[in-house]
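Every number in this text was worked out from the coordinates using simple rules, so none of it is lab data. Quick caveat: nothing in here was measured; it's all calculated off a predicted structure. Here Cβ is always computed from backbone atoms with ideal geometry, including for glycine, and neighbour counts include all displayed protein chains.
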Amino acid sequence: MQTDALRAESVRKVYRGRNSPDIEALSGVSLRISKGERIALLGRNGAGKTTFLRISSTLLAPTSGSVSIFGRDAIADPEAVRPYLAVVPQEGKPFMHLTPREQAYTYLRARGFSAETAKARAEHALEQMGLTEVADRLSITLSGGQRQRTMVATVISTEAPLLFLDEPTIGMDPFARRGVWDSFRELTRKGSTILLTTHYLDEAEALSQRLYIIDEGRLLAEGTADDLKRSVGGTLRVSVVSGDGITAQLATFGPLVRDGDTVHVITGPQRIQEILELAAHSKLTATVGPVTLEEAFLRVVGRSINDES
Amino acid sequence: MNLEPAFPLQRRSRWSGLGAFIGTELRVQLHEVLSIGVSVIVQAVFLVFVSVLARQYLPYTIIGAVVFSTFQIGQRVQNESAWIRIDHKLHELYHASPMTPEAYFLGMSIGILLAYCAPILVLSGAAEYFVRFSGTAALIFLGVLACEFVFTASVGYMISTWFRNMRSIWPYSTLFFNFFGVLPPVFYPLWLFPSALQPIILILPTAGGTALVEHASGLLALPLDWILIAAVSLVGGALLAFVGAVYWARRISRER
């Protein structure tokens, strides 16, 4: 029988307020991740992604529910599963007075690697993250993106069986992000399992084999990026800016998804011309493109992933 | 289950990774050369001040300065632990790993002790010059310093976890300094303290430890029951604090 890398059942977390109301951050989240999978937890800020990741990685106790890692109970015996884990914390920073090389090396040594292995792995991870040139500079002198890459290099150098990555590419430029994605793919090819949280739709789509959409502490959808896009109900979208006045007419062409004052019509290629003519007739701007994860997210959650409200 | 891990998974001891983390913390702290240098200078300036104002108290002040310099390691542990947790979130990197929370706490504490041993060594040299310790007194002095370190690092680590922002820690540090160093008889002889409170103040690790060293070196004559009060408080306090810190480190490695 294949053991799940991570199995969470009805995980609930309530943050008790001292002088404020309690906040229910997770409301019974259940999910399963098989060994070797790359899974993204996609959601807006405050959706519950980090809370779930911290509970799963033994850093936060749930109010109720169960979590097992490779078949071991992570709630009852966190120390039994910690050797299998490595975590990139959200907004974590390396030691300011260590170089990236020292950071990765000393972390590996603390985890029990021999000096020789730690050195080789640290070098490989620094190379993957494009940090070789700055490997001997103190982290205090590095840019925000380079520091974040140092954190990722430190953690991926462990090649731990289960990696938790909380917004791992935040602050990185697009080129660096792609390099990081490649290193994550390599890790899962080698057998590691990755759970990452992100609010970058392109990252979730490019990187994850499956993804979960979470909002207000609940899992609202699960599947591949293609599954979720298909569930929107068409292959193309026509986005009509300020299209509220013609909503009823637009609805006759297919499902609608709202994003602020823009109305997206999900449809097929045969209806495009008619929608564009309707928009032009109403003196509105309309653009055509393939259905993306953004529409899927909007349809599932009802709000844009960038909506902070 | 066939994980075929490419990394060490064998049963590790509770203190595995301790040496590596001591090295990590030592490397980090040794970049704070200015802070280390200032910690020596501040004590030296204070001794000059005492030698001008009340030279007869200089031996007491020097012994108190060694004890208090060791005690201040706890303040540094507190600040470093809070800084790593609040600003860097690096504790999560180490807690979600095979390294135990107690190895993390002790590694950080010993690393800081090694980095900041300069004022302790310099002042100990001055103490030897002015006091001339016997072998027994030197051993008691070492024992007292060891207890001070264990107590203060343990308490400092526990306290560091109570804060949610760094600004809250700074006023606490001032209180810490005054409560344990300035008010009680650490830098001045015990007999200058109100007599009714003298046996009570010996419960404080700084005052009790200093009095024990001064007694062992012939600077102070303590009755046996006062020696017991100071020794039991110091050793018992250190043991209790250490056990408490290990328990607390394990507990807070997973937030509630």
Exercise. Per 5 Å bin, what is the whole-percent P(r) computed from every C-alpha pair distance within segment A:165-292?
Worked result: 2, 9, 17, 16, 14, 13, 12, 9, 5, 2, 1, 0
Exercise. If you plug each phi of segment A:281-293 into the Karplus form 6.51 cos²θ - 1.76 cosθ + 1.60 with θ = phi - 60°, what whole-Hz ³J(HN,Hα) values come out, in order, with x for Gly and Pro?
Worked result: 4, 8, 6, 10, 7, 9, 10, 10, x, x, 5, 10, 5
Seminar exercise, completed: Within the protein assembly as shown, the percent of DSSP beta bridges that are antiparallel, given to the nearest 5, stands at 65
Exercise. Quick one: putting +1 on the C-beta of Lys and Arg, -1 on the C-beta of Asp and Glu, what dipole do you get for segment A:233-290 around its Cα centre, in Debye to the nearest 20?
Worked result: 80
Seminar exercise, completed: For chain B, one quarter of the surface area of the C-alpha convex hull, expressed in nm², comes to 16.1
Exercise. So for the pair A:Val14, B:Phe49, with labels modelled 7 Å out along Cα→Cβ, what separation do we get in nm?
Worked result: 5.4
For this session: Measure nothing fancy, just the Cα-based angle from helix A:174-189's long axis to the longest principal axis of chain A, in degrees from 0 to 90, nearest 10.
Result: 70
Seminar exercise, completed: Relative to the compact-globule estimate 2.2 N^0.38 Å (N residues), the Cα gyration radius of segment A:233-290 stands at a ratio of 0.94
Exercise. Please report, for the Cα atoms of chain A, the Rg to one decimal and the Dmax as a whole number; what are they, in angstrom?
Worked result: 21.9, 72
Problem set entry | Quarter of Cα convex hull surface for segment A:1-98, i.e. mean projection, nm² | 8.4
For this session: Evaluate the Debye formula for segment B:159-213 with equal point scatterers sitting on the alpha carbons, no solvent, and hand back log10 of I(q)/I(0) at q = 0.18, 0.19, 0.22, 0.25 Å⁻¹, in q order, two decimals.
Result: -0.63, -0.67, -0.78, -0.89
Seminar exercise, completed: To the nearest 20 debye, chain B has a Cα-centred charge dipole, built from +1 on Lys and Arg Cβ and -1 on Asp and Glu Cβ, of 480
Exercise. Taking the Cα atoms of the protein assembly as shown, what is the range of coordinates along each of the three principal axes, in descending order and whole Å?
Worked result: 102, 50, 45
Problem set entry | Between helix A:144-156 and chain A: long-axis angle, C-alpha atoms, 0 to 90°, nearest 10 | 60
Exercise. Fewest to most neighbouring Cβ within 10 Å: what's the order for B:Leu58, A:Leu41, A:Leu131, B:Leu34?
Worked result: B:Leu34, B:Leu58, A:Leu131, A:Leu41
Exercise. Under DSSP H, which helices of chain B have Cα atoms covering 18 Å or more of the helix axis and a Kyte-Doolittle average no less than 0.0?
Worked result: B:33-53, B:58-83, B:101-115, B:117-131, B:135-160, B:224-252
Exercise. Exposure proxy check: B:Phe242, B:Phe163, A:Phe175, B:Phe141 ranked by fewest other beta carbons within 10 Å?
Worked result: A:Phe175, B:Phe163, B:Phe242, B:Phe141
Problem set entry | chain A: angle of helix A:115-128 to the longest principal axis, Cα-based, in degrees nearest 10 | 20
Exercise. Which residues make up the longest stretch of chain A that has no trypsin sites (Lys or Arg not before Pro) in a DSSP loop with at most 12 other Cβ atoms within 10 Å?
Worked result: A:19-189
